[in-house]
Amino acid sequence: MEAILLVGGQGTRLRPLTISTPKPMLPVAGFPCTSHQIALAASAGIDRIVLGTSYRAEVFEEYFSGQDLGVEIRYAVESEPLGTGGAIRNAAEQLTCGPDDPVVIFNGDVLTGLDISDLVSKWREARADVALYLTRVEDPRAYGLVPTDAAGRVLEFKEKPTTPEEIVTDQINAGCYVFKRSVIDRIPAGQVVSVERETFPELLSTGATVIGVVDDGYWLDLGTPLAFAQGSADLVRGIAPSPLLAGRTGDAVIHDSAVVHDTAIVSGGTYVGAHVVIGENAIVDASVIYDGVTIGSGARVVRSIVSTNASIGSQSSITDTVIAENASLGAHNELNFGARVFPGAEISDSAIRFSSDR
Ligand code: GTP
């Protein structure tokens, strides 16, 4: 079985982390989201995956070349981003399956334990053109709503509803689909197309069989810094499943080469990368600490992402904050609630006490 992974987006909500690294390649619990997805796909019997790349396409090829992933990887590079539908059409040029075969398609920033085989079976049973994986969320306003009838047929697509009347269901598009290959081939080639806003509504209007399959298992869209840190912590604690972390989950995953002082507390699903140094009495909770980071004594890091080779000075405190690579935050600073420090920035001691109302 073949799959397409959509990994060409700019990841603007995760800036500045995505200036140098595309969102699907940012490590979550030590592995890029794309690696977790490839492992999930392989465990469901998928043996050939086309990565639809655009933004910073070279990062994918550099990382995956030479790795034995148990699946064959192909790249479909868009010189100009073609949107989600255009990207699927472009990637389909590299598929080898027949017109009636299923093709599994994944958004690159979705963390899930979805039973892909079950989604494909439901697609087959319903003789569907497209089967969409749906999940339920408490507040669906930021998502694409997908109401279905009792038999699971999709009734309409409502992107990002704004008024209470528009919130007709708590079922949302979870960013994974099974398409009949011939349906992909009908998406216009070489132009920008949104699968959510154009392809899906058009399929409904032409009477295609589009079904929604609600799965209440783990699902998280890693699009924002808070969600990204949460997804990583969920993987580390085993709340989010990934074949890559099997048998290694716990309150924290700490790379063998990291040096953590005996009095430091590292918990809440924190991931600590290679060559990290964490000082005396530091507290690091539910955070993502990339390779080469230094966290000074008495520092406090909560629900934050600290990127490669950055440093946090002693007695500084950061919560819900992103520190990009090579940035250095001096001692006695405080950053809260969505603060973002850009790559290479240098903040001197006692310079910032930033706290905004959420
Ligand atoms: P934001 O800019 O923060 O919204 O992130 P994003 O650029 O990743 O956009 P979004 O989360 O809406 O994209 C959903 C998925 O589709 C992600 O996995 C993107 O990588 C992917 N994607 C979005 N646009 C394109 C595109 O033009 N080409 C390709 N190949 N993939 C895309």
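Computed about the Cα centre, the dipole magnitude for the chain is approximately 240 debye when only Lys and Arg (+1) and Asp and Glu (-1) carry charge, each at its Cβ.
Annotation: extensible slack from VAL168 through ILE352 equals 61.8 nm (criterion: 0.36 nm per residue apart, minus Cα-Cα distance). Cross-link partners of LYS23 among aspartates and glutamates, defined as those whose alpha carbon lies under 19 angstrom from its own and excluding same-chain residues fewer than eight positions apart: GLU58, GLU61, GLU62, GLU78, GLU80, ASP109, ASP221, ASP234, ASP291, ASP320, GLU325. Over the range 21-110, the pair-distance histogram of Cα-Cα distances with 5 Å bins from zero comes to 3, 13, 25, 28, 21, 9, 2, 0 percent, rounded to whole numbers. All alpha carbon pair distances within the range 2-221 were sorted into 5 Å bins beginning at 0; the resulting P(r) in whole percents reads 1, 7, 15, 20, 21, 18, 11, 5, 1, 0, 0. Were the residues from LEU226 through ALA345 laid out at 0.36 nm apart, the gain over their Cα-Cα distance would be 40.7 nm. Taking the 1.4 Å solvent-accessible surface of the chain as the whole, the part contributed by carbon and sulfur is 47%.
Around the amide H of ASP101, modelled in the peptide plane, lie the amide H atoms of ARG181, SER182, all under 5 Å away and 5 or more residues distant in sequence or on another chain. D by Stokes-Einstein for the range 251-354, Kirkwood Rh over Cα pairs, 20 °C, 1.002 mPa s: 168 µm²/s. For the range 224-333, the Cβ-based charge dipole about the Cα centre amounts to some 140 debye (Lys, Arg positive; Asp, Glu negative; other atoms uncharged). With helices as the sole contributors, the chain gives -5000 deg cm²/dmol at 222 nm; each DSSP H run of n ≥ 4 counts as -39500 (n - 2.57), and the sum is divided by every residue. A crude spin-label estimate for the pair THR263 and CYS97, with each label 7 Å from Cα along the Cβ direction, gives 5.8 nm. Restricting attention to the chain, close to 30% of DSSP beta bridges with both partner residues there are antiparallel. Near SER328, the amide H atoms lying under 5 Å from its own belong to SER311, ALA345, GLU346, ILE347; only residues 5 or more places off or on other chains count, and H is placed 1.01 Å from N. Counting only residues at least eight positions apart within a chain, or on another chain, the lysines with an alpha carbon under 26 Å from that of LYS122 are LYS158, LYS180.
Since only VAL110, VAL154, PRO27 are under comparison, the one whose Cα sits farthest along the positive direction of the charge dipole of the chain, derived from C-beta charges on Lys, Arg, Asp and Glu, is VAL154.
The values are calculated or read from the model by the stated rules, or taken from the named source; none is laboratory data. Since the model is a prediction, treat every value here as computed from it, not as a measurement. For neighbour counting, all protein chains shown are included, and Cβ atoms are generated from backbone atoms with ideal geometry for every residue, glycine included. The protein model used for the area step is the full one, side chains on, heavy atoms only, and it has no ligands, DNA or RNA in it. Shrake-Rupley method; radii C 1.70, N 1.55, O 1.52, S 1.80 Å.
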